[in-house]
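First the structure, in the form of structure tokens, and then the observations on it.
The values are calculated or read from the model by the stated rules, or taken from the named source; none is laboratory data. Given the structure is predicted, the values throughout are model-derived calculations rather than measurements. Reconstructed Cβ throughout: ideal geometry from the backbone, glycine too, with neighbour counts over all protein chains shown.
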Amino acid sequence: MIGRLNHVAIAVRDIAAASEVYRSTLGAQVSAPEPLEEHGVTVVFITLPNTKIELLEPLGAESPIARFLEKNPDGGMHHICYEVDDIGAARDQLVNSGARVLGSGEPKIGAHGKPVLFLHPKDFNGTLIELEQA
Ligand SMILES: C[C@H](C(=O)O)C(=O)SCCNC(=O)CCNC(=O)[C@H](O)C(C)(C)COP(=O)(O)OP(=O)(O)OC[C@H]1O[C@@H](n2cnc3c(N)ncnc32)[C@H](O)[C@@H]1OP(=O)(O)O
Ligand SMILES: [Co+2]
């Protein structure tokens with residue numbers, strides 16, 4: 001069901017400082033920050049030859065990454081995003097196999113303008129998984 005690795009996300013407190021580390025110290029191609037109110041995060045994408053890194057900074061009082069940053073004050077790896085061909089079919093198959101889809105179960109439009117869903121980390125070896133329809 002899962003296909004390519006779309007991105008690995010890192011939660012950070014200060015996205016400008018984190019962007020500078022990737023730009024200057026690691027010599028990567030870094031996008032401008034983009035606020036995504038519906039997701040409660042500001043995102044920056046770092047383009048690598050084979051995948052992307054997503055930096056996430058909390059946005060708003062209800063940010064889903066706020067508690068993660070309380071537990072991980074230096075920041076840390078937050079989720080991995082796999083591509084799927086048909087997100088509705090993937091969701092139905094996962095729910096039938098007992099996995100928990102987070103939120104309403106209806107895909108939201110993600111940072112790339114495509115439908116995304118999240119799967120509970122407790123069902124996937126302690127790793128939060130995002131699915132993006134390719
Ligand atoms: C838009 C863009 C895009 O790419 O398109 C994005 O990615 S937006 C990216 C931001 N959006 C999201 O993350 C949406 C989906 N996330 C969520 O619904 C929530 O963050 C959540 C349900 C995973 C966790 O909610 P929470 O922080 O309120 O809950 P808790 O702190 O009680 O966490 C419950 C248990 O899961 C663990 N846990 C929480 N977050 C993570 C994580 N990222 N990776 C691994 N484990 C995690 C906690 O340690 C805890 O375990 P223990 O009990 O053992 O301590
Ligand atoms: Co993501």
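Show me the helices (runs of 4 or more DSSP H) entirely contained within the range 1-113 in which 1 or more residues are in contact (Cβ under 8 Å) with a residue 60 or more places away in the chain, crowded, with 18+ Cβ neighbours inside 10 Å and in contact with a Leu (Cβ under 8 Å, 6 or more places away or on another chain). Explain how you work it out, then say what you get.
Details: elements: 15-20, 66-71, 87-96.
By residue number, 87-96.
I'm trying to understand the selection: among the residues of the range 45-60, which are within 11 Å of ligand 1 (Cβ to nearest atom) and either at pLDDT below 95 or over 10 Å from the mean Cα position of the chain (by Cα) (or both)?
Once the filter is applied, which keeps residues that are within 11 Å of ligand 1 (Cβ to nearest atom) and either at pLDDT below 95 or over 10 Å from the mean Cα position of the chain (by Cα) (or both), the range 45-60 yields F45, K52, E57, P58, L59.
Out of all the residues in the range 45-90, which are within 17 Å of G110 (Cα to Cα) and in contact with a Phe, Trp or Tyr (Cβ under 8 Å, 6 or more places away or on another chain)?
Scanning the range 45-90 gives I46, K52, I53, E54, L55, H78, H79.
Quick grid of which residues meet (1) modelled with pLDDT under 95; (2) touching a Cys at 6+ places or on another chain (Cβ under 9 Å); (3) more than 16 Å from ligand 2 (Cβ to nearest atom); (4) of a type in the set (S, T, Y):
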residue	(1), (2), (3), (4)
S31	no, no, no, yes
P64	no, no, no, no
R67	no, no, yes, no
G76	no, no, no, no
Y82	no, no, no, yes
D92	no, no, yes, no
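Inside the range 31-90, can you point out the residues that are among the charged types (D, E, K, R) and closer than 17 Å to R4 by Cα? Can you show your working first?
First, the residues of the range 31-90 that are among the charged types (D, E, K, R): 34, 37-38, 52, 54, 57, 62, 67, 70-71, 74, 83, 85-86.
Listed by number, the residues that qualify are K52, E54, E83, D85, D86.
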